[in-house]
Amino acid sequence: MRPENYKSVEHPPSHEYELNFGPNHPGIEGNYALKVKLEGDVVTEAKADGGYLHRGFEKLMETRLWMQNIALVPRICVPDPVPMEVVYSLGVEELGGLEVPARAQWLRVLHLELSRIAAHLFTFGGHAATTGMYSNMFWGVTDRDYVLDLFEQMSGGRVYHMYNVPGGVRRDLPDGFLARVSELLDYLERRLPQYDDLFFANAVFIDRARGTGTLTQEQALSWGVTGPNLRACGLSFDVRRDDPYLVYDQLEFDIPTETAGDALARTLVRRAELIQSIRILRQVIARLPGIDGPIRCPLPNPLAWNVPMGEAYPRVESSKGELCFYLVSTGGDRPHRVHVRGPSSMHAVQVLERLSIGTRIEDVAQTMFSLDACPPEVDR
Amino acid sequence: MEWYTLLIEFTLMPLVAFVVGLAMVLMMRRLRARIERRVGPPLLQPLYDVIKLYSKKTQISHGALHDLGIMMVIGGYIAAEVFLPVPGMMGMAREGDLITLIYLMMVPSLGLALGVGQCANPNGSIGISRALTSMLAYDVPFIIVVAGAIMVYGTSNLPTIIEMQQAGGVAAWGISVMPLLAIAGLISTHAMLAKEPFEVYVAPAEIATGPMVEMSGKYLGALFVMQCFQIYTVSVIFVTLFLGGGENWLFFLLKIFAVAAISSSVTVIFPRYKTDQVIRWLWKWPTGIALLGLAMVMMK
């Protein structure tokens, strides 16, 4: 006898089940989650689940003075915070009509490229760890720490620097700093062949990364993919060259590309970008001593600075892709609206969800790390 | 053999295996740390780990079969240790042989499958299915290696195998007589340890450490102890079959630590294969090398 309100429960077939990648999982990047449905070990559905890091950056920025926001923006992307400072500063400068001195622009490039190197080293480590290559993870994190040492000397902060401010930079370089940067670049150039032996040319890694999470150029363009992930599909687009900002138009560098569009191609593009960043930094080290002058233009009282009414949409090339801020001023002492267009919103949500479907469980973490998304940027 | 001698050996052999296994774990962790540019853990860290885990209070249990499965994990190896001859102690080695040993070495994997199956955690279940799949993969070359060794020595009795090698010196060691089988044996024993590139059933980034995902406290401690026994056991088997066993404790320890060091070095420089790649690779290379080695042995 069954009760009148009895309803049979429909169980899914025994070979289908759900698995949560995150928010506490070694295979997820940051406090983020990917909920997958599996048939056997093949992913049939994937749903990105963010929000674990939501601090309301965009709304918070509307409540703080223009200058105060400099302490907030680097926190939007922990591994690569410098582009956040720079793009916000560029926007405020455009709205306020500020002319940034030449020396400050060169210092910003120095800061940006060091940050790119640190972010790529971190990514190499994280990506390697998803395939069980923990040695490369320790190498990457250790070598990144040498870059953080330089940040500490430069700004006083290792992770969040608040070095770039509207109008220029906070302070000039300490004595002997450029020589120390040069030593670090020499060290990284010596280390790169070791990284090649251990990771980039490792037969097992190549076996695993080739063909994993493959994007075509058409898919990449229609899904809003930018940065190294786009260049790994064969499209040579980089904001530094195609819409130059600061002094990038005075520097010589190549835009590395690959054509396969898979996890291996994305990793190789980042490796080549690291070499290009070293090349850029060498030029900065050579030219910076000859550029004297102030490091900041005169600013109004930051506590009573009413930025003229207007809109600005500056963009820079971060290590993750194209980073833009949409800033609206109504002529007040704080922004009316700030929108962060970070590359990770696309890479960690729509791209990751689509690329995960049809892959096997072994490839989910590698696909995510090869896209190099930054979860706090999704939860902005 | 007097009953009390046997009793002492039954107690001492697993105990020695555990202590030496702890030292081997420490050596592997220190070696790994050096290659990874870290300092590594202090001397007594593996012991601290075991004590800490066993001193934890168990809050939940997944049932009697889960507990029984974990007991099988440890029990299988403890039983295997008394069949593994070491300098000065034979235990049951003369009564048992290689076949008994191989059988006993499968018990921990089956115990793990039984225990983890009770947890109903999908990560654990996937891990176990991967563990049993990779067991199928590495057992094929390993059985061929064992068959070749039995053909060469004319016996499967381990003390006799050691005596024959030690009587003839280095030239009579298995590694000199059947080098191809030794290579295949080294690869398959490394695969038994489930270290990279064969670390498919732990795979933290894929299945959140698989069988260990529902294990904490004493259960995790049991798996840690299992790891000590496992490293010791596979190293001793390789030394017994191919490196002349232990003439004395010094040489014995040197040999088994060298085998573990080779395994550890391989682990540090490779990522992990996918499960299908593990099967393909193990059935292709070590199995091919083992078959070639077997053919050479048969032609002699």
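Here's a check for you: in the range A:353-373, which residue that is surrounded by fewer than 24 Cβ atoms within 10 Å (Cβ to Cβ) and more than 14 Å from every other protein chain (Cβ to nearest Cβ) is farthest from A:Ile76 (Cα to Cα)?
A:Gly358
When you scan the range A:100-133, how many residues do you find that are outside any helix (DSSP H, G or I), more than 17 Å from A:Tyr163 (Cα to Cα) and touching a residue at least 12 places away in the same chain (Cβ under 8 Å)? So that I can check it myself, show each step before the final result.
Taking the range A:100-133 first, the residues outside any helix (DSSP H, G or I) are A:100-101, A:131-133.
Still in the list and also more than 17 Å from A:Tyr163 (Cα to Cα): A:131-133.
Imposing the further condition that a residue be touching a residue at least 12 places away in the same chain (Cβ under 8 Å) reduces the set to A:131, A:133.
Here the count works out to 2.
Quick one: is B:Gln277 more than 14 Å from every other protein chain (Cβ to nearest Cβ) and closer than 28 Å to A:Glu362 by Cα?
Values: more than 14 Å from every other protein chain (Cβ to nearest Cβ): no; closer than 28 Å to A:Glu362 by Cα: yes.
Spelling it out, it is not the case that B:Gln277 is more than 14 Å from every other protein chain (Cβ to nearest Cβ) and closer than 28 Å to A:Glu362 by Cα.
I need every pair where a residue in the range B:196-222 that is within 22 Å of A:Gly22 (Cβ to Cβ) and surrounded by fewer than 24 Cβ atoms within 10 Å (Cβ to Cβ) has its Cβ under 6 Å from the Cβ of a residue that is at pLDDT 85 or above and of a type in the set (Phe, Trp, Tyr), sequence separation at least 6 or different chains.
none
I need a count of the residues in the range B:27-66 that are outside any loop (DSSP other than H, G, I, E, B) and either more than 14 Å from every other protein chain (Cβ to nearest Cβ) or of a type outside the set (A, V, I, L, M, F, W, C) (or both). Outline the logic, then answer.
From the range B:27-66, those outside any loop (DSSP other than H, G, I, E, B) are B:27-35, B:45-54, B:64-66; that's our starting set.
Adding the requirement that they be either more than 14 Å from every other protein chain (Cβ to nearest Cβ) or of a type outside the set (A, V, I, L, M, F, W, C) (or both) leaves B:27, B:29-30, B:32, B:34, B:45-54, B:64-66.
So the count comes out to 18.
State the number of residues belonging to the range A:194-230 that are assigned to a loop (DSSP other than H, G, I, E, B), within 12 Å of another protein chain (Cβ to nearest Cβ) and within 14 Å of A:Leu355 (Cβ to Cβ).
2
Report whether or not A:Gly140 is free of Cβ contacts under 8 Å to residues at least 60 places away in the same chain, assigned to a loop (DSSP other than H, G, I, E, B) and surrounded by 15 or more Cβ atoms within 10 Å (Cβ to Cβ).
Numbers: free of Cβ contacts under 8 Å to residues at least 60 places away in the same chain: yes; assigned to a loop (DSSP other than H, G, I, E, B): no; surrounded by 15 or more Cβ atoms within 10 Å (Cβ to Cβ): yes.
Against the criterion (free of Cβ contacts under 8 Å to residues at least 60 places away in the same chain, assigned to a loop (DSSP other than H, G, I, E, B) and surrounded by 15 or more Cβ atoms within 10 Å (Cβ to Cβ)), A:Gly140 does not qualify.
Of the residues that sit in the range A:247-270 and are over 19 Å from A:Thr367 (Cβ atoms) and within 19 Å of the chain's Cα centre (by Cα), which one is surrounded by the fewest Cβ atoms within 10 Å (Cβ to Cβ)?
Restricting attention to the range A:247-270, the residues satisfying the condition of being over 19 Å from A:Thr367 (Cβ atoms) are A:247-257.
Filter once more, so that each one left must be within 19 Å of the chain's Cα centre (by Cα): A:248, A:255-257.
Numbers: A:Tyr248: 20, A:Ile255: 17, A:Pro256: 19, A:Thr257: 19.
Only one residue fits best here, namely A:Ile255.
How many residues are farther than 15 Å from B:Ala222 by Cβ and not aromatic (Phe, Trp, Tyr) when one looks only at the range B:66-90? Quick ask: steps written out before the conclusion?
Of the range B:66-90, the ones farther than 15 Å from B:Ala222 by Cβ are B:79-90.
Filter once more, so that each one left must be not aromatic (Phe, Trp, Tyr): B:79-82, B:84-90.
So the count comes out to 11.
The values are calculated or read from the model by the stated rules, or taken from the named source; none is laboratory data. Here the structure is a predicted model, which is why all the values come from computation and not from measurement. When we count neighbours, we look across all protein chains shown, and the Cβ atoms used for this are built from the backbone with ideal geometry, even at glycine.
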